[in-house]
Amino acid sequence: MAAVFTCSIDDGNPLDVKMAELLCKHGLNGTFFVPIFNREGPPVLSKSQLLEMSARFEIGSHTHDHCYLKDMSLRDANEQIISGKCHLEDMVGHSIDGFCYPGGKFLQRHLSLVKAAGFMYARTTTNLCIDPGTCPFEVPTTIQFYPHSKSVYLRNFLQSGHWDKRAHGLYLALLTENWIERVYALFNYCCERDGVFHLWAHSIEIDQLDAWKQLDGFLAYVASRIARENRLSNRQLAERALYP
Ligand SMILES: [Zn+2]
């Protein structure tokens, strides 16, 4: 056993092209979760950009319009889940197996809808985990590449359960004031435990934070410590996880 790296990039912003180039530069893998339209305003990748990205990376769905499922009727939520998948499949020309809940907001009944729509797995925004979780439709993450306040980590910790296995991650997250150091601390902890490091990010935030250089440096560090065969897309991780 050795540590595994995966990452997921949400929202399909055109800046994802830059993110894809950075992942390629370091020989790393990951998954891009893309809505067809982002009703919150930011643009999404064009069809040609998406096609180019899908030749090198897994593309997953993020509903049709980037809708928070919890805020909708069950019928509308189902429509968003299904049409997001169908449209993406039409665009890339193959099956889309991964789903990501917009805003990390979902209820157990949405999990059944995602499963029934034919997805193989779904990612959440539960953080501070260094394992692939126990349910393929509630895949957790380790950390978002973003300078969240300590109260955000505490809130996520309390709301998302699995406290025993996330406690040390929370300890590390609260230990340092510097958000980049926090990412390294979680990654080093994951490597020590031969765990799964699941980074997630929004390209537009990296841009707004002017943090591309820091991300470049971090990904170089990841590539120096993670064996090539352990750099996975979200789908490959879900396959390897052998969920019950
Ligand atoms: Zn999103």
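The values are calculated or read from the model by the stated rules, or taken from the named source; none is laboratory data. Note that the structure is predicted; figures quoted are calculated from it, not measured. Virtual Cβ from ideal backbone geometry, glycine too; neighbours counted across all protein chains shown. Keep in mind that these areas ignore ligands, DNA and RNA; they rest on the heavy atoms of the full protein, side chains included. Shrake-Rupley method; radii C 1.70, N 1.55, O 1.52, S 1.80 Å.
Per residue, how much accessible surface does the chain expose to a 1.4 Å probe? Answer in Å², no decimals.
45 Å²
On a straight-distance basis, which aspartates and glutamates could pair with residue 47 in a cross-link, Cα separation under 19 angstrom, same-chain partners fewer than 8 positions away excluded?
Residue 47 reaches 10, 11, 16, 21, 58, 65, 89, 90, 97.
For segment 4-238, max minus min Cα coordinate along each principal axis, in Å, sorted largest first?
Dimensions of segment 4-238 along the principal axes of its Cα atoms: 43, 36, 32 Å.
Counting only protein heavy atoms, what percent of the accessible surface of segment 4-238 is carbon or sulfur at a 1.4 Å probe?
Carbon and sulfur atoms account for 51 percent of the accessible area of segment 4-238.
Using Cα centres only, tell me the gap between segment 1-43 and segment 122-192 in whole Å.
Going from one Cα centre to the other spans 19 Å.
What pairs from 25/150; 18/105; 85/165 go past 30 Å between their alpha carbons?
From the list (25/150; 18/105; 85/165), the Cα-Cα distance tops 30 Å for 25/150; 85/165.
What order do you get for 207-216, 164-173 when each peptide is scored by the mean count of other beta carbon atoms within 10 Å, highest first?
The peptides rank, most packed first, as 164-173, 207-216.
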